[in-house]
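Enquirer: Sharing a structure, written as structure tokens. Questions coming.
Every number in this text was worked out from the coordinates using simple rules, so none of it is lab data. As the structure is a prediction and not an experimental result, all values here were calculated from the model. Neighbour counts are summed over all protein chains in view; Cβ atoms, including those assigned to glycine, are modelled from backbone coordinates with ideal geometry.
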Amino acid sequence: MPSPVTPSASSTPVATPSPSLTPTTTPTAKPTQTASSSPSQPAKPAADKRKGRQLDKPYTVDGVIVVSKAHRVSATYGPPHPTGPYHLDATAARALAKMTAAAKKAGVRIVVRSGYRSYATQKAVYSRALRNYPSEASAKAYNAPPGASEHQTGLSMDLWDGVTWSLPMANTATGKWLHKHCHTYGFILRYPKGKQKITGYNYEPWHFRYVGVDVASQFPTSNTLTLEEFLGLA
Ligand SMILES: [Zn+2]
């Protein structure tokens with residue numbers, strides 16, 4: 001998640017958040033609504049009690065890796081099979097190549113702005129953000145401290161058209177295409193609008209996370225569901 005707000009680029013329009021557009025639906029059914037069948041409330045995942053060397057491996061729920069401010073990893077953790085110029089996880093890289101090719105066919109250009117980031121790189125990114133952002137709060141709303149960045153998994157990437165960055169990216173042909181089709185290729189929009197309290201991050205229309213087609217296809221294409229909610233962590 002590199003700087004969405006570049007202090008020097010004052011021409012970058014600031015999109016107005018529209019919380020009213022965000023439906024407050026929850027995937028959990030109320031037990032009272034289904035008297036005959038058991039409620040579809042997901043089982044509460046096991047608590048993350050990792051510490052010390054256990055942080056060399058990420059926290060997972062049903063095989064899905066979760067790296068966030070609440071579920072951190074050590075400096076030694078990284079994708080087991082990094083590949084290509086962005087050192088992405090091999091499976092994620094293949095899915096991205098497929099998605100990029102499909103977009104190209106539709107006349108849409110997908111460019112990777114950021115892929116895998118090591119703990120050390122993230123440390124530098126974070127310090128720079130704390131120095132350059134207008135406030136500490138805004139720096140932390142868009143940037144993960146080292147060990148808390150999903151980019152360290154090699155499963156995440158920041159995508160754009162190579163021209164329009166930050167929040168306006170959402171309204172580019174690339175942003176619109178990705179938001180509509182990413183699930184087909186196994187990706188989800190990881191930090192949806194209005195879910196800051198759950199994800200720990202502001203809306204990031206550019207940050208995509210590979211979770212595989214099985215999981216991604218269960219996400220609404222409206223991009224209103226977080227991974228935390230899906231896994232029963234929120
Ligand atoms: Zn990112």
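Enquirer: Quick one: check the C-alpha center-to-center distance for the stretch 86-110 versus the stretch 161-205, whole angstrom.
Expert: First find each Cα centre; the distance between them is then 15 Å.
Enquirer: What list of ³J(HN,Hα) values in whole Hz, one per residue of the stretch 54-65 in order, does the Karplus curve 6.51 cos²θ - 1.76 cosθ + 1.60 (θ = phi - 60°) give from phi, with Gly and Pro shown as x?
Expert: Going residue by residue, I get 5, 6, 5, 10, x, 6, 10, 10, 6, x, 9, 6 Hz, with x marking Gly and Pro.
Enquirer: Tell me, what ³J(HN,Hα) does each residue in the stretch 138-143 have, in order and in whole Hz, if you take phi through Karplus 6.51 cos²θ - 1.76 cosθ + 1.60 with θ = phi - 60° and put x for Gly and Pro?
Expert: 5, 4, 6, 6, 10, 10
Enquirer: While we're on this one: With Cβ to Cβ distances under 12 Å as the rule, what net charge do the other residues near R72 carry (K, R +1; D, E -1)?
Expert: Value of the local net charge: +1.
Enquirer: Please give the FRET efficiency for S135 paired with Q196, using the beta carbon to beta carbon distance and R0 = 22 Å, rounded to the nearest 0.05.
Expert: Computed FRET efficiency for S135 and Q196: 0.90.
Enquirer: Something else: What is the gain in length, in nm to one decimal, between A47 and A234 on full extension, counting 0.36 nm per residue of separation less the C-alpha to C-alpha distance?
Expert: On the way: separation 187, 0.36 × 187 = 67.32 nm, distance 1.23 nm.
Length gained, A47 through A234: 66.1 nm.
Enquirer: Would you tally the net charge around G147, using a Cβ to Cβ cut-off of less than 12 Å, leaving G147 out, and scoring K and R as +1, D and E as -1? Walk me through the numbers on the way to the answer.
Expert: Numbers: positive: R50, K69, R72, R117, K123; negative: D56, E150.
Charge balance in the 12 Å sphere: +3.
Enquirer: Another question, if that's okay. Kindly write out, for the stretch 165-175 in residue order, the coupling ³J(HN,Hα) from the Karplus curve 6.51 cos²θ - 1.76 cosθ + 1.60 (θ = phi - 60°), rounded to whole Hz, with x marking Gly and Pro.
Expert: 9, 6, 4, x, 3, 4, 9, 7, 4, 5, x
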